[in-house]
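Reviewing the structure listed below.
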Amino acid sequence: MTTSMNWLYWAFLSAFFAALTAVFAKIGIQNVDSDLATLVRTSIIVIVLTVFVWFTGKWSNPFALSSRTWFFLGLSGLATGASWVCYFRALQIGEASKVAPVDKLSLVLVAVFAFAFLGERPTLREWSGIVMVAAGVFVISFKR
């Protein structure tokens, strides 16, 4: 696999694990408050990532990071936390096969935000795919 396509490999793995996340979470949050479930999941993620970073030799002093890096990673962390709280609440009261695709509307929003703020310019073909994803989300999420 070429280096330029490594992102695709990791993105597919991300999608695979995100799908497992939805199914496992739906099973795990039965009879549990969704916010408590989010806290438990987050605690496990912190522990696993700490061990992973330590044992792979990637640990470095986080306080040596620039204030800009801290600021934007902090904003990303806040957005992630808000997303997880909302996702678990939706998953607790909705069907996983509907909640997860609607959650993936984030793909459309990322494309729009990346265009507006990062200067990324998807091709007409890529915009067509993004529009199809948006259309699919709306077909799934709204009843007749």
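Read-outs: derived from the displayed coordinates by stated rules, not from any lab. Note that the structure is a prediction, hence the values are computed from the model and not measured. Positions of Cβ are generated from backbone atoms using ideal geometry, with glycine treated the same way; all protein chains shown enter the neighbour counts.
Descriptive notes on the structure:
- Sites T69 and V108, calculated FRET efficiency, Cβ-Cβ separation with R0 30 Å, nearest 0.05: 0.65
- Helix content alone sets the calculated 222 nm mean residue ellipticity of the chain: runs of n ≥ 4 DSSP H residues at -39500 (n - 2.57) each, divided across all residues, give -26000 deg cm²/dmol.
- Karplus-derived 3J(HN,Hα), 6.51/-1.76/1.60, for each residue of region 27-38, Hz, glycine and proline x: 5, x, 8, 5, 6, 9, 4, 5, 5, 5, 4, 5
- At full extension, S43 and K58 could sit 3.4 nm farther apart than now, given 0.36 nm per residue minus the alpha carbon distance.
- For region 95-111, putting each phi into the Karplus relation 6.51 cos²θ - 1.76 cosθ + 1.60 with θ = phi - 60° gives couplings of 7, 4, 5, 10, 5, 4, x, 5, 4, 6, 4, 4, 4, 5, 5, 4, 4 Hz, in residue order, rounded to whole numbers and with x for Gly and Pro.
- Normalised by residue count, the chain yields a Cα convex hull volume of 164 Å³ per residue.
- For region 53-66, 3J(HN,Hα) computed residue by residue from phi via the Karplus equation (6.51, -1.76, 1.60; θ = phi - 60°) reads 4, 5, 6, 8, x, 9, 5, 9, 5, x, 6, 7, 5, 5 Hz, glycine and proline entered as x.
- Residues of type lysines that K143 reaches as a straight line, Cα spacing below 25 Å, ignoring anything fewer than 8 places off in the same chain: K26, K98, K104
- Point-to-point label distance, T21-S128, nm (Cα→Cβ direction, 7 Å offset): 3.1
- Modelled label positions at T50 and F142, each set 7 Å beyond Cα in the direction of Cβ, lie 4.6 nm from each other.
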